[in-house]
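First up is the structure itself, then whatever we jot down about it.
The values are calculated or read from the model by the stated rules, or taken from the named source; none is laboratory data. Computed from a predicted structure; not experimentally measured. Positions of Cβ are generated from backbone atoms using ideal geometry, with glycine treated the same way; all protein chains shown enter the neighbour counts. Please note that ligands, DNA and RNA were not included when accessible areas were found on the heavy atoms of the full protein model with its side chains. Shrake-Rupley method; radii C 1.70, N 1.55, O 1.52, S 1.80 Å.
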Amino acid sequence: MQEDSVFKKEYVLLDADVSTKEECLAFIAEKAVEFGISSGVQATVDGFMERENVDSTGFSDGFAIPHTRCDAILKPSVLVVKTKHGIDWPSMDGEPTVVVLALLVPKEVGGTVHLKLLSALSRKLVNAEFQKSLLNSDDPDEIFGIINQAIQS
């Protein structure tokens with residue numbers, strides 16, 4: 001696998017013990033720094049919250065797609081977080097969010113990378129089988145394969 005890959009197996013984070021949207025975004029930001037994706041936790045959280053304040057990135061059926069384009073992000077990346085318990089995240093159907101597909105893109109990288117990733121994942125999330133396979137899996141290899149295929153197509 002290429003070193004500059006947008007999505008890696010270690011970016012699949014299971015059983016995240018978070019109870020709010022804010023805790024989840026902070027968890028993602030901490031992991032992004034740990035993985036060398038971001039240069040700063042607070043700047044990354046601020047980037048996510050800036051987007052959330054425009055409109056919630058909660059989808060429906062237990063999914064959210066938070067995304068940020070900010071200066072702290074060093075390379076385009078996708079992180080997948082499965083929460084231990086569903087969390088309250090304003091969404092289209094009001095259901096708790098279980099799976100978070102986070103997109104992190106450097107500000108200086110054109111919006112095309114950001115939009116391509118967002119579009120690929122959003123298109124897949126309307127597919128009931130895609131949703132079910134992510135919600136039902138606790139296997140990082142399987143989740144990696146599902147998401148990797150979605151962003152490659």
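Laid out as a table, the results:
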read-out: CD proxy at 222 nm, helix term only [per DSSP H run n ≥ 4: -39500 (n - 2.57); per residue of the chain; nearest 500]; value: -13500 deg cm²/dmol
read-out: Percentage relative contact order, the chain, counting C-alpha pairs under 8 Å, at least six apart; value: 25 percent
read-out: Share, in percent, of DSSP beta bridges within the chain that are antiparallel, nearest 5; value: 45 percent
read-out: Estimated inter-spin distance, residue 50 and residue 84, nm [label 7 Å along Cα→Cβ]; value: 3.2 nm
read-out: Under the span-like rule (Cα at least 24 Å along the axis, Kyte-Doolittle mean at least -0.5), DSSP H helices of the chain; value: none
read-out: Cβ charges +1 (Lys, Arg) and -1 (Asp, Glu), total dipole of the chain, debye; value: 480 debye
read-out: Debye, to nearest 20: dipole size of segment 4-53, +1 on Lys, Arg Cβ, -1 on Asp, Glu Cβ; value: 180 debye
read-out: C-alpha center-to-center spacing [segment 80-153, segment 1-51] in angstrom; value: 13 Å
read-out: Residue list for segment 14-57, given a label point 7 angstrom along the Cα-to-Cβ vector of residue 71 and an amide N cut-off under 13 Å; value: 39-40, 43-44, 47
read-out: The chain, accessible surface, carbon-and-sulfur percent (1.4 angstrom probe); value: 49 percent
